[in-house]
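Please read the structure below before turning to the comments.
The values are calculated or read from the model by the stated rules, or taken from the named source; none is laboratory data. From a predicted model like this one, the values you see are computed outputs, not experimental measurements. Here Cβ is always computed from backbone atoms with ideal geometry, including for glycine, and neighbour counts include all displayed protein chains. When the accessible area is computed, the model is the full protein with side chains, heavy atoms only, and any ligands, DNA or RNA have been set aside. Shrake-Rupley method; radii C 1.70, N 1.55, O 1.52, S 1.80 Å.
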Amino acid sequence: MEPSRIAVAGASGLIGGALVRSLTADGHAVVRLVRRPPRAEDEVRWDPESRYVDMAGLAGCDAVVNLAGAGVGSRRWTDAYKARIRSSRVLGTATLAEAVASLDVPPRVFVNGSAIGIYGETGDRAVDEDAPPGDGFLPAVCVEWEAAAAPARKAGVRTAFARTGLVVAREGGAWGRLFPLVKAGLGGRMGDGRQYWSFVSLHDEVAAIRHLIDTDGLSGPFNLTAPQPLTNREITEAMGRVLHRPTAFTVPAPVLRAALGEMAGDVLGSQRVLPMRLLESGFTFAFPEIEGAIRAAL
C-alpha cells in the first residue's frame, strides 16, 4: 500500500499505540485525535462529549480508525462507570461517523472498534459473525456502538467493525495482569477453567486492522480472534509452559465475583468465537496458536 494519511482515535491505548507504531514504521502519515489541546503537528483536537472534531485535521485522510473507549477491565463496574463505558464508545463513534460523512472528500474507509462481547455467553457453542447479539450489558453496548457508525455508512464510506477478542500483550488488558501473576508463580485457572477465551496476539490484532484498512470491499463485522479459541484452563497451562512457572492456583468463582462485581461475568463467561469473515477475506494469522501468541508478547 502506498503511503496514506490515516486518522486514529484511541492512539494512546494498547491497540491504538501499536497500530500507530506499525503505520508510521511503514511510512504512513498518522493523525492522532486527542481530547486535550494539541501539542504536536500530528495531533488533532476532538471532544466526543460535545460532538466536536477539528475538521481541518481530518481533511485529506484516506482512512479513519476509531479505537477510543473507556477500558472495560480498568475498574469495578459501578453504575457511573458502566455509563462511561457506554458513552465513550457510542458518543465517540457517532462524533467521528458524522464528521466523516460531512467531509467534502470523505475517507475511503472507516474502521470502528467493537468487541466479541456482542455475542454474550456462548458456552461451548462456536459462533461467527452471523451470530445474533447476546443478552446483558456488554452486548447491548456493542450493538449501540456499531449502530452509531451509521452516518459514515449512509454517506457511502466503507465501514468495517473490528470485533476484538482478548489481546495477548504484556502492556495492558487482561494479559497485562496475568503475566506478572504467572511469572510470580501465582497463576492458575479462574473458576472451573472450562470457559472459552477467544484470544488474539497484539501483532495479529494490528495486522488485521491494517488488513481491514487496505482491502477494498471489506465492510461490516469481523471477529479479530485467533482461529482456535481455548479454555481458560488450557490457556493457563500454556502460560505455565512458556514461562516455566507453576499454575496450580485457582481463583474460585465466588471470590472473583466478590472482588470484581458484575465485571466478573466477563472473566468467567465463555465465548468461543471464530474469525470466519477474516479468514475468508484472505487474512493469515502470524500467531494462530496460544503459545506463539504468548511468546510474541514477551
* Any residue in the range 238-259 that is open to solvent by less than 80 Å² (accessible area, probe 1.4 Å), at pLDDT below 95, more than 27 Å from Arg75 (Cβ to Cβ) and in contact with a Pro (Cβ under 9 Å, 6 or more places away or on another chain)? -> yes
* Of all residues in the range 2-46, how many are in contact with a helix residue (DSSP H, G or I) (Cβ under 8 Å, 6 or more places away or on another chain) and on the phi > 0 side of the Ramachandran plot? -> 1
* **Selected residue [acidic (Asp, Glu) and closer than 28 Å to Val100 by Cβ] from Asp204, Asp135, Asp192** => Asp204
* Could you list, in sequence order, the residues of the range 45-65 that are within 12 Å of Ile6 (Cα to Cα) and open to solvent by less than 20 Å² (accessible area, probe 1.4 Å)? -> Gly57, Leu58, Cys61, Ala63, Val64, Val65
* **Search result, residues across the range 116-127 that are open to solvent by less than 30 Å² (accessible area, probe 1.4 Å) and outside any strand (DSSP E or B)** => Ile116, Gly117, Ile118, Tyr119, Gly120, Thr122, Gly123
* Asked: Across the range 235-257, what is the number of residues that are farther than 22 Å from Met276 by Cα and not in a loop (DSSP other than H, G, I, E, B)?
  -> 16
* To do: Restricting attention to strands (runs of 3 or more DSSP E) lying wholly within the range 128-218, give those where 3 or more residues are closer than 30 Å to Ser4 by Cβ and in contact with a strand residue (DSSP E or B) (Cβ under 7 Å, 6 or more places away or on another chain).
  => 158-164, 166-168, 199-201
* Structure fact -> Per the filter on the range 70-92, residues within 21 Å of Val200 (Cβ to Cβ) and touching a helix residue (DSSP H, G or I) at 6+ places or on another chain (Cβ under 7 Å) are Ala70, Val72, Gly73, Ile85, Arg89
* Asked: Pick from Gly113, Gly92, Gly73: which is under 17 Å from Arg51 (Cα atoms), in contact (Cβ under 8 Å) with a residue 60 or more places away in the chain and either small (Gly, Ala, Ser) or open to solvent by 20 Å² or more (accessible area, probe 1.4 Å) (or both)?
  -> Gly92
